[in-house]
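Asker: To start, I am sharing the structure in question, which I have written as structure tokens.
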Amino acid sequence: MMPDLSNEAQCVLKILEAGDSLTTTEILELARTEKYAGICTDCAGGDSFVAAANQLVELKLITKKFGKGGYHWQLVKD
């Protein structure tokens, strides 16, 4: 994990590690669950999530595709 990533960005990465391709809504719902409560303290709001997720896209750690249900986010596989 890169130490310069925000808590929101680390939260997004952790959630995406568990799933394959998830929509913004699915990620935000998971972020509110007890499983991610320890690291996902800030990304209950959509704006901070989008900023963090877009940072991860810029770092080429995740991809973003627009589709049914909004944006779909996915980890970049090595």
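The values are calculated or read from the model by the stated rules, or taken from the named source; none is laboratory data. In this text, all values refer to a predicted model and were calculated from it rather than measured experimentally. Note that each Cβ is placed from the backbone with ideal geometry, even for glycine, and that neighbours are counted across all protein chains shown. We work out accessible area using only protein heavy atoms, side chains counted, and drop any ligands, DNA or RNA first. Shrake-Rupley method; radii C 1.70, N 1.55, O 1.52, S 1.80 Å.
Asker: So what does Ser6 come to for accessible area, using a 1.4 Å probe and Å² rounded to 10?
Answerer: Taking all protein chains as shown, Ser6 has close to 40 Å².
Asker: Let me ask something additional. For the full complex of protein chains and a 1.4 angstrom probe, list Tyr71, Tyr36 by accessible area with the highest value first. Intermediate results must be reported in sequence, preceding the final value.
Answerer: Details: Tyr71 95, Tyr36 15 Å².
My answer, sorted largest first, is Tyr71, Tyr36.
Asker: Still on this structure: For segment 1-40, what is the per residue volume of the convex hull drawn over the alpha-carbon atoms, in cubic angstrom?
Answerer: Values: hull volume 2.6 nm³, N = 40.
Expressed per residue, the convex hull around the Cα atoms of segment 1-40 is 65 Å³.
Asker: Calculated from DSSP H runs of 4 or more alone, at -39500 (n - 2.57) each and per residue, what is the 222 nm mean residue ellipticity of the chain, nearest 500? Show your work: numbers first, answer last.
Answerer: Numbers: 3 runs with 33 residues, N = 78.
Roughly -13000 deg cm²/dmol at 222 nm, from the helical runs in the chain.
Asker: Okay, next question. For the chain, report the accessible area per residue in Å² (1.4 Å probe, heavy atoms, rounded to an integer).
Answerer: Values: 4800 Å² over 78 residues.
Per residue, the chain has an accessible area of 62 Å².
Asker: Here's another thing I want to ask about it. What ranking do 22-34, 54-66 get when scored by the average of other Cβ atoms within 10 Å per residue, highest first? Before the final figure, lay out the partial values.
Answerer: Numbers: 22-34: 15.8, 54-66: 14.0.
Peptide ranking by packing, descending: 22-34, 54-66.
Asker: At a Förster distance of 25 Å, what's the computed FRET efficiency of Glu34 paired with Lys64, Cβ-Cβ distance as r, to 0.05?
Answerer: Details: r = 27 Å, r/R0 = 1.08.
Once rounded, the FRET efficiency stands at 0.40.
Asker: Please state, rounded to one decimal and in Å, the Kirkwood hydrodynamic radius that the chain gives when every pair of distinct Cα atoms enters the mean of 1/r. Write down the numbers at each step before the final one.
Answerer: Details: mean 1/r = 0.0821 Å⁻¹.
The answer is 12.2 Å.
Asker: Still on this structure, I have one more. Points 7 angstrom from Cα along the Cβ direction at Val50 and Glu26: gap in nanometres?
Answerer: 2.0
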